[in-house]
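Undergrad: This is the structure I have questions about; it appears just below.
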Amino acid sequence: MNSIVCIAYVPDTETKIRVAADGKSIDESDVKWIVSPYDEYALEEAIKTKESKGAGAVTVLSLGPERAKTGIRECLARGADDGIWIDSKGDALDALGVARNIAAAVKDLPRDVVWFGQKGVGFDESLVGPMVAELLGVPHVANVVKFEAGDGKVVCEREIEGAHEHVEAPLPCVITAQKGLNEPRYASLKGIMAAKKKPIQERAAETFAPKTTLTRLELPPPPKPCHFIPGGDPKSSAEGAAADPAGAARELARLLREEAKVI
Amino acid sequence: MKFLVFIEQRDGKIRKASLEALSLAARLAGGPVSAVIAGKAIGEAAKELGKFGAAKVYVADRDDLALYSNRGYGGALQAAREKESPDAVLIAATSMGKDLAPRFAAKNDAGVLADVMDLRVEGDRLVGVRPVYSGKARATVEAASGLRVATTRPNVFPAEKNDGAAEPAIEALDLGALEIRARVTGITASGGKELDVTEADVVVSGGRGIKGPEGWPIIRDLVDAMGSGAALGASRAVVDAGWIDHQYQVGQTGKVVSPTLYVACGISGAIQHLAGMGTSKVIVAINKDADAPIFKVATYGVVADLFPFVPELAKAVRAIKSE
């Protein structure tokens, strides 16, 4: 089974976001970049599948600036075989532009499953994977928490609201990975050394007129100061008030009803 | 701007998030809009859509649409789009909507304003505001030409009902033979009949402060006290510790929620968690540590050990609701 795992290299989830001077992008100074966490589940599942079948290759693909290659190397260190870097050349592509470039890059490659994370942490759009499936003319299963590769088909469970849908799809197909699918492995020292020798093919992104444009990026307004209700803690309490959990609970319930009007 | 709204149903029951999208479209259009619904035995459900702003409903009603498939439901959306030629298509950003929208957009050479929490029409542009970096920032995005597609975040836009509205005109869609490739073979409920955290008006979440899985009953009791629109949530720490399933996780690697009321019990408020619930209308924080970051975003705070306090709160909420 041949798998292609498409990854995004994104700001660490711990990153404090600051808006750059252009008002449309983030200030990238001091940003630590990581492989988007959902893509790690996709990569792990592709490697596990290869190991259990004892055949096939795992190719890692990423579209982005030069740093995307670092993300590809991290995946090679965990066990992927080779990489494809699509140089975005600083172009701001929208999701459809990214999907068109990925579809063009993988169209003629031997592939059974093209993997994505269910969303790229950061823009959180959940668009590119199913878009690529449409452009390739293959089925997809999104939000997958259980995956099994059978003969010419995949059997999956995907997460929906309050339930799991069991889905079967023929190969080739696109799968997007959700948390819960597996526990991603760390790279071993041996893997890190081996990754240095694995090939990364380079391509240049094609520019497409964007269908959607980001015109402004801003931070949410700062929250108002918290209204502390004293007396909650039986041992010690804020503002030194006497402990009275029941009284504090009644006061909170009153505020939620009369002031906030939410219960 | 001419709107078409995709209406999601499961087992014949229309999802509230779709009614929110339909109401929004009617408001933006300044008048009735069109809708499309796919499923099996959904004729009665389709008629109800008039009350939420649909003047016309395209209906694909057949046996092989009883369960969701992208081919089937997406095929109905595509057929309605071809008949209606809308300028904009709205779809609720549920798991079904997120499955449909990107393929539909790619097929029609369109972009998607994904998971918007604000949407407006400015001239011929559809302009949306969406949270990015899980709510740490917000982006204004727009689609100016061609087909404009937006998915709307559940629980943000009001669903406005007009019981006096006329029944909509119904037009049946003929989809021809369907070759369903990714086929749903079954559905298993993962959390009983509980409401999903993304759709709840009230979310009560537990964090490390509950001390172990045996702490859930008092949190669940507060959910119960809050009523039928309330759901249980959890922090990443307790999901990673195996105290509860991932579907309950609120935060950057879990679900992003915008309820009317969010109650954080024993959650310190890591940046990833704040990102997932920061857009809630009212936030209550209950934590032993007065310096916990959760208090920075909370509307109301109580510095308390949750074990004596949360049961008292459940009692007080029940008392005030029964008044």
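The values are calculated or read from the model by the stated rules, or taken from the named source; none is laboratory data. All of these numbers come straight from a predicted model, not from anything done at the bench. Cβ placement follows ideal geometry from the backbone for every residue including glycine, while neighbour counts extend to all protein chains displayed. Just the protein is used for accessible areas: all its heavy atoms, side chains included, with ligands, DNA and RNA removed. Shrake-Rupley method; radii C 1.70, N 1.55, O 1.52, S 1.80 Å.
Undergrad: Could you sort the peptides A:214-222, A:3-11 by per-residue average Cβ neighbour count (10 Å cutoff), highest mean leading? Please list the in-between numbers first.
TA: Working: A:214-222: 13.2, A:3-11: 25.1.
My ranking of the peptides, most packed first, is A:3-11, A:214-222.
Undergrad: Mind checking the angle between helix B:216-226 and chain B's longest principal axis? C-alpha axes, 0 to 90 degrees, to the nearest 10.
TA: 60
Undergrad: Given axes a ≥ b ≥ c from the Cα gyration tensor, I'd like to know whether chain B is rounded (a/c under 1.5), prolate (a/b larger than b/c) or oblate. Display every interim value, and only then the final one.
TA: Values: a/c = 2.02, a/b = 1.83, b/c = 1.11.
Because a/c hits 1.5 or more and a/b exceeds b/c, chain B counts as prolate.
Undergrad: Averaged over its residues, how many other protein chain Cβ atoms are within 10 Å of peptide A:127-139's Cβ atoms?
TA: Working: counts 12, 2, 2, 11, 9, 3, 5, 9, 3, 1, 0, 2, 8.
Other-chain Cβ atoms within 10 Å of each residue's Cβ, averaged: 5.
Undergrad: In addition: In debye to the nearest 20, how big a dipole does segment B:185-306 give about its Cα centre with +1 on each Lys and Arg Cβ and -1 on each Asp and Glu Cβ?
TA: Details: 9 positive and 12 negative charges, 45 e Å.
Charge dipole of segment B:185-306: 220 debye, to the nearest 20.
Undergrad: If you don't mind, another one. Of all GluC sites (Glu not before Pro) in segment B:2-53, which ones are in loop regions per DSSP and have a Cβ with at most 16 other Cβ atoms within 10 Å? Can you show the working numbers first?
TA: On the way: sites: B:E8, B:E20, B:E44, B:E48; in loops: B:E8.
Qualifying residues, ordered by number: none.
Undergrad: Counting only protein heavy atoms and rolling a 1.4 Å probe, how much accessible area do A and B lose on contact, total for both sides, in Å² to 100? Walk me through the intermediate numbers first.
TA: Details: alone 15200 and 15080 Å², together 23110 Å².
For A against B, buried area totals roughly 7200 Å².
Undergrad: Which cross-chain or sequence-distant (5 or more) residues have an amide H under 5 Å from the amide H of A:T215, H modelled 1.01 Å from N in plane?
TA: Result for A:T215 returns B:T140, B:V141, B:E142.
Undergrad: How high is the relative contact order of segment B:102-176, in percent, counting Cα pairs under 8 Å that sit 6 or more residues apart? Show your work: numbers first, answer last.
TA: Working: 94 pairs, mean separation 21.7, N = 75.
Worked out over segment B:102-176, it gives 29 percent.
Undergrad: Percent relative contact order of chain A, based on C-alpha pairs within less than 8 angstrom and at least six residues apart?
TA: On the way: 509 pairs, mean separation 56.3, N = 263.
Taking the mean separation of contacting Cα pairs over the length of chain A, I get 21 percent.
Undergrad: Given the -39500 (n - 2.57) contribution per DSSP H run of 4+ residues, what per-residue ellipticity at 222 nm results for chain B, rounded to the nearest 500 deg cm²/dmol? Walk me through the numbers before you get to the answer.
TA: Working: 9 runs with 91 residues, N = 323.
When only DSSP H runs of four or more count, the value is -8500 deg cm²/dmol.
Undergrad: How big is the Cα convex hull of the protein assembly as shown in projection, averaged over all directions, in nm²? Spell out each step's value before the answer.
TA: Working: hull surface 107.9 nm².
Answer in nm², one decimal: 27.0.
Undergrad: Over what distance in Å are the Cα centres of segment B:78-131 and segment A:79-124 separated?
TA: Using only Cα atoms to place each centre, the spacing works out to 22 Å.
Undergrad: Report the calculated FRET efficiency for A:T213 and B:A169 (r = Cβ-Cβ distance, R0 = 45 Å), to the nearest 0.05. Intermediate results must be reported in sequence, preceding the final value.
TA: Details: r = 36 Å, r/R0 = 0.79.
With a Förster radius of 45 Å, E is 0.80.
Undergrad: Still on this structure, I have one more. Provide, as a two-decimal number, the C-alpha radius of gyration of chain A over 2.2 N^0.38 Å, N being how many residues it has. Show your work: numbers first, answer last.
TA: Details: Rg = 23.2 Å, N = 263, 2.2 N^0.38 = 18.3 Å.
This ratio for chain A stands at 1.27.
Undergrad: Order B:210-218, A:168-176 from most to least packed using the mean count of other Cβ atoms within 10 Å. Spell out each step's value before the answer.
TA: Numbers: B:210-218: 15.3, A:168-176: 22.3.
Sorting B:210-218, A:168-176 by mean packing, highest first, produces A:168-176, B:210-218.
Undergrad: Looking at the protein assembly as shown, what % of its DSSP beta bridges pair antiparallel, to the nearest 5?
TA: 35
Undergrad: Taking H placed 1.01 Å from N in the peptide plane, check which residues at least 5 places from A:V141 or on another chain put their amide H under 5 Å from its amide H.
TA: Distant-sequence amide H within range of A:V141: A:V174, A:I175, A:T176.
Undergrad: Placing unit charges on C-beta atoms (Lys and Arg positive, Asp and Glu negative, everything else neutral), compute the dipole magnitude of segment A:17-86 about its Cα centre in debye, rounded to 20.
TA: Details: 10 positive and 13 negative charges, 20 e Å.
Using Cβ point charges on Lys, Arg, Asp and Glu, segment A:17-86 gives about 100 debye.
Undergrad: Show me, for segment B:288-305, the HN-Hα J-couplings you get by feeding each phi into the Karplus relation (A = 6.51, B = -1.76, C = 1.60, θ = phi - 60°), rounded to Hz, glycine and proline as x.
TA: Computed from phi, the couplings for segment B:288-305 are 5, 8, 5, 9, 4, x, 4, 5, 5, 9, 6, 7, 10, x, 10, 7, 7, 6 Hz.
Undergrad: Next up: Each label point is 7 Å from the Cα along the Cα-to-Cβ direction; what then is the distance between the points at A:D151 and B:S85, in nm?
TA: 5.1
Undergrad: Separation between the A:S188 and B:E44 pseudo-spin-labels, each 7 Å from Cα along Cα→Cβ, expressed in nm?
TA: A separation of 6.2 nm, rounded to one decimal place.
Undergrad: Let me ask another. On a full-extension model of 0.36 nm per residue, what is the gain between A:R67 and A:E202, subtracting their alpha-carbon distance, rounded to one decimal in nm? Walk me through the intermediate numbers first.
TA: On the way: separation 135, 0.36 × 135 = 48.60 nm, distance 1.29 nm.
Answer, rounded to one decimal: 47.3 nm.
Undergrad: In degrees from 0 to 90, rounded to the nearest 10, what is the angle of the helix B:306-321 Cα long axis to the longest principal axis of chain B?
TA: Value to nearest ten degrees: 50.
Undergrad: Dividing the convex hull volume of the Cα atoms of segment A:130-207 by its residue count, what figure in Å³ per residue is obtained? Provide the component values of the computation, followed by the final result.
TA: Details: hull volume 12.6 nm³, N = 78.
Hull volume normalised by residue count: 162 Å³.
Undergrad: Assign one of three labels to segment A:44-113, namely rounded, prolate or oblate, based on the Cα gyration tensor with a ≥ b ≥ c the square roots of its eigenvalues; rounded applies when a/c is under 1.5, prolate when it is not and a/b is larger than b/c, and oblate otherwise. Intermediate results must be reported in sequence, preceding the final value.
TA: Numbers: a/c = 2.82, a/b = 1.62, b/c = 1.74.
Because a/c hits 1.5 or more and a/b fails to exceed b/c, segment A:44-113 counts as oblate.
Undergrad: Assuming R0 = 35 Å, can you tell me the calculated FRET efficiency for the pair A:K32 and B:R208, based on Cβ-Cβ distance, to the nearest 0.05? Write out the running numbers ahead of the final one.
TA: Details: r = 25 Å, r/R0 = 0.70.
Efficiency at R0 = 35 Å is approximately 0.90.
Undergrad: In whole percent, how big is the carbon plus sulfur part of the accessible area of chain B, probe 1.4 Å, protein atoms only?
TA: On the way: 5690 of 11520 Å².
Of all accessible area on chain B, carbon and sulfur atoms account for 49 percent.
Undergrad: Can you give the alpha-carbon Rg of segment B:245-320 over 2.2 N^0.38 Å, where N counts its residues? Walk me through the numbers on the way to the answer.
TA: Working: Rg = 12.4 Å, N = 76, 2.2 N^0.38 = 11.4 Å.
Cα-based Rg divided by the globular estimate yields 1.09.
Undergrad: Further question on the same structure: How much accessible area per residue does chain A have, in Å², with a 1.4 Å probe?
TA: For chain A, the solvent-accessible area averages 44 Å² per residue.
Undergrad: How would segment A:1-148 be classified by its alpha-carbon gyration tensor: rounded, prolate or oblate, with rounded meaning a/c under 1.5 and the a/b versus b/c comparison settling the rest? Spell out each step's value before the answer.
TA: Details: a/c = 1.82, a/b = 1.54, b/c = 1.19.
Prolate, because a/c is 1.5 or more and a/b exceeds b/c.
Undergrad: Take every residue in peptide B:178-185, count the Cβ atoms of other chains within 10 Å of its Cβ, and give the average of those counts. Can you show the working numbers first?
TA: Working: counts 0, 0, 2, 8, 17, 8, 7, 6.
Across the residues of B:178-185, the mean count of other-chain Cβ atoms within 10 Å is 6.
Undergrad: Within 10 Å of each candidate Cβ there may be at most 16 other Cβ atoms; applying that plus a DSSP loop requirement, which trypsin sites (Lys or Arg not before Pro) in segment A:99-180 survive? Display every interim value, and only then the final one.
TA: Values: sites: A:R100, A:K107, A:R111, A:K119, A:K146, A:K153, A:R158, A:K179; in loops: A:K107, A:R111, A:K119, A:K179.
Qualifying residues, ordered by number: A:K107.
Undergrad: Continuing with the same structure: Set the Förster radius R0 to 35 Å, insert the Cβ-Cβ distance between B:D289 and B:D118 as r into 1/(1 + (r/R0)^6), and round the FRET efficiency to 0.05.
TA: Working: r = 34 Å, r/R0 = 0.98.
Computed FRET efficiency for B:D289 and B:D118 comes out at 0.55.
Undergrad: Show the residues, 5+ positions off or on another chain, whose built amide H is closer than 5 Å to the amide H of B:A137.
TA: B:V132
Undergrad: Only bridges whose two residues both fall in chain A count here: according to DSSP, what percent of them are antiparallel, nearest 5?
TA: Details: 17 of 44 bridges.
About 40 percent, rounded to the nearest 5.
Undergrad: Also, quick follow-up: What part of the accessible area of segment A:6-65, given as a whole %, is carbon or sulfur when the probe is 1.4 angstrom?
TA: On the way: 1200 of 2490 Å².
C and S fraction of accessible area: 48 percent.
Undergrad: Going through segment B:59-140, which chymotrypsin sites (Phe, Trp or Tyr not before Pro) have at most 11 other Cβ atoms within 10 Å and a DSSP loop state? Intermediate values should be presented prior to the final figure.
TA: Working: sites: B:Y68, B:Y73, B:F104, B:Y133; in loops: B:Y68.
Loop-located and lightly packed - none at all.
Undergrad: What angle do you read, to the nearest 10 degrees and between 0 and 90, between the alpha-carbon axis of helix A:37-53 and the longest principal axis of chain A?
TA: It is inclined by approximately 40 degrees.
Undergrad: How many nm separate the modelled label positions at A:D87 and A:R18, each set 7 Å beyond the Cα in the direction of the Cβ?
TA: 3.0
Undergrad: Shifting gears a bit: When only C-alpha pairs under 8 Å and at least 6 residues apart count, what is the relative contact order of chain B, in percent? Working shown, then result.
TA: Numbers: 717 pairs, mean separation 47.0, N = 323.
Value for chain B: 15 percent.
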